[in-house]
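The values are calculated or read from the model by the stated rules, or taken from the named source; none is laboratory data. Since this is a predicted model, take the numbers as computed values, not measurements. A quick note on method: Cβ atoms are made from the backbone with ideal geometry, for glycine too, and the neighbour counts reach across all protein chains shown.
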Amino acid sequence: MKILDEIIEPASFDSIGKFVKFVTHNAKQLGYGEERLGEMERAFTEVITNIVTYAYKGKSGDIQITYTIDRVDRMVFKIIDWGASFNMLLASDPLLKEEFLEQDIPQPSTRLIKSFTDTVEYQRVDNMNYLIATFSPVVKSRK
């Protein structure tokens, strides 16, 4: 699949708005409705917050987001960071709650990314975290 657009910004809370604008602008160009854009905004805010908080843990680095279109016309976003190995999809498991309490840090939330995507997966390849999230134009919060 050909990358249609990409953004790379510092891994900081200040960059969340730029990432959200990138995602929603591209989705809007493809005709995604306002309600779906709102879901995407909330999901990406959660994801970037988790990466900054847990993968980089106060260290500097970058986050890159690219997007393509799959065979059924859904947007496929690759969110890439070079921080510590961090699978936010597993880290939010209730069974790991004690581990986060022992470290005196809040457990990451992935409720929104899991609720608002068609599919979401994590991969660790060549010291990079890849979160791959697929979004169709269909509003998920109505289900």
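A few notes on this one:
- Within region 44-93, the residues that satisfy the criterion of being aliphatic (A, V, I, L, M), more than 14 Å from residue 121 (Cα to Cα) and out of contact with any Phe, Trp or Tyr (no Cβ under 8 Å at 6 or more places or on another chain) are 69, 72.
- Some residue of region 31-51 being part of a loop (DSSP other than H, G, I, E, B), surrounded by fewer than 21 Cβ atoms within 10 Å (Cβ to Cβ), within 16 Å of the chain's Cα centre (by Cα) and at pLDDT below 95: no
- Close pairs from region 127-139: first within 17 Å of residue 111 (Cβ to Cβ) and modelled with pLDDT of 95 or more, partner crowded, with 16+ Cβ neighbours inside 10 Å and among the charged types (D, E, K, R), Cβ under 7 Å, at least 6 apart: 135/74
- For residue 19, the criteria (1) in a loop (DSSP other than H, G, I, E, B); (2) in contact (Cβ under 8 Å) with a residue 12 or more places away in the chain hold in every case but one, which is (1).
- Selection from region 125-143 of residues that are farther than 25 Å from residue 31 by Cα and surrounded by 12 or more Cβ atoms within 10 Å (Cβ to Cβ): 128, 129, 130
- Residue match in region 101-111 (condition: assigned to a helix (DSSP H, G or I), at pLDDT below 85 and more than 21 Å from residue 129 (Cβ to Cβ)): yes
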